[in-house]
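Structure record follows, encoded as structure tokens.
The values are calculated or read from the model by the stated rules, or taken from the named source; none is laboratory data. It should be emphasised that the depicted structure is a prediction, and the values quoted were computed from it without experimental measurement. Positions of Cβ are generated from backbone atoms using ideal geometry, with glycine treated the same way; all protein chains shown enter the neighbour counts.
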Amino acid sequence: MAASLDDLTGKVEAGEPLSKEDVAALGSSRDIIMLGMLASTVRRKLHGTDVTYVRVADLKVGPTAQGVGNTSVVPTFRSAETAGECRIFDTPATLDACLEVVASARDAAGGTPLSAFCLYELGKLPEGLPVVLAALKKAGLDLIAQAPIDRLAEPEQGLEALTDAGLTLSRLTVDQAPAGEWTALCHRIADLQTRLRSIRAFAPLARRIDATEPTTGYADVKRVAIARLLTGNVDTIQVDWALYGPKLAQVALTFGADDIDSVSAEDDVSHGRRRSPLEEIRRSIRAAGFEPVERDGDFVQRPSSSGGGVRR
């Protein structure tokens, strides 16, 4: 007999495992309000009223970062001191260039946690992931910026190689909205986490958006809610503030998300203190009914943050 969302409420509140019929009901449901309520039940059990956010300094790789000449990496603003994470999403085409980037980026980041590169792109280098990741760790890198689950041919091997090298994955991502069942992908992630315990944060919304077929807010928050419900062994469900905007990020908090990524680290108060990125993110989180907690790239609460406790 088919399950209904009403039937699932008791199971979710009790923390009971969901059956195949329950998962099918989640995937086919159009009751977005009930999905949000169920996902909020899970996220509040895990995190209470805390919502973490991280201010990011994007580091840009110079044009010579292809293994030729010296590589320069500079922050997009004058200082990285206000950032909780310095990040490089671009991955150079050679291992030597990657190592140059890490060396330069470490100087630019100072003591701020540095994340860099895409696990999928690193896997295309001829040396192979075990060699590449070990070399990056030796060069001083601790965090790989992202791993797109839908692009990794063998995600378990990739995540194992990352752990073996002593590196941490900042976020598991989705490159494009999947054509197949979203519930199936979430189950795959939960299974990976059960075996490996190496997924700290999952960002369920696609990083690449097809301009000819843009996603809808309805589809986006439904993905967030189902991700929270089906990947209960992954601590953090994350939404990108810069990519998806303040409005969707705020709504996603009521559908199971508990972390907001990519808040600008620039202290721009030219339009008044209340319009600065820091005040805007805090105000948005509180307006959604939660308490803002600023963290760094290692998921440690920053000393300047107000509210909430430390989460790792």
Go through region 203-221 residue by residue and tally those that are under 15 Å from LEU253 (Cβ atoms) and either among the basic types (Lys, Arg) or in contact with a Gly (Cβ under 6 Å, 6 or more places away or on another chain) (or both). 0
Taking region 32-64 on its own, how many of its residues are assigned to a loop (DSSP other than H, G, I, E, B), touching an Asp or Glu at 6+ places or on another chain (Cβ under 9 Å) and either farther than 25 Å from GLN301 by Cβ or modelled with pLDDT under 85 (or both)? 1
Top-ranked residue of region 4-19 - restricted to ones that are under 27 Å from the mean Cα position of the chain (by Cα) and within 18 Å of ARG223 (Cα to Cα), ranked as surrounded by the most Cβ atoms within 10 Å (Cβ to Cβ): VAL12
Whether any residue in region 194-202 is closer than 22 Å to ARG30 by Cβ and crowded, with 21+ Cβ neighbours inside 10 Å is what I want to check. no
State all residues of region 187-225 that are among the acidic types (Asp, Glu) and assigned to a loop (DSSP other than H, G, I, E, B); if no residue qualifies, say none. ASP210, GLU213
So which of ALA225, ALA242, ALA249 is modelled with pLDDT of 95 or more, within 28 Å of ASP142 (Cβ to Cβ) and not β-branched (Val, Ile, Thr)? ALA249
Where in region 65-176 are there helices (runs of 4 or more DSSP H), lying fully within it, with 1 or more residues that are at pLDDT below 95 and either aliphatic (A, V, I, L, M) or crowded, with 18+ Cβ neighbours inside 10 Å (or both)? 95-109
Residue count for region 202-246, restricted to those that are over 11 Å from the mean Cα position of the chain (by Cα), under 20 Å from MET37 (Cα atoms) and of a type in the set (Val, Ile, Thr): 6
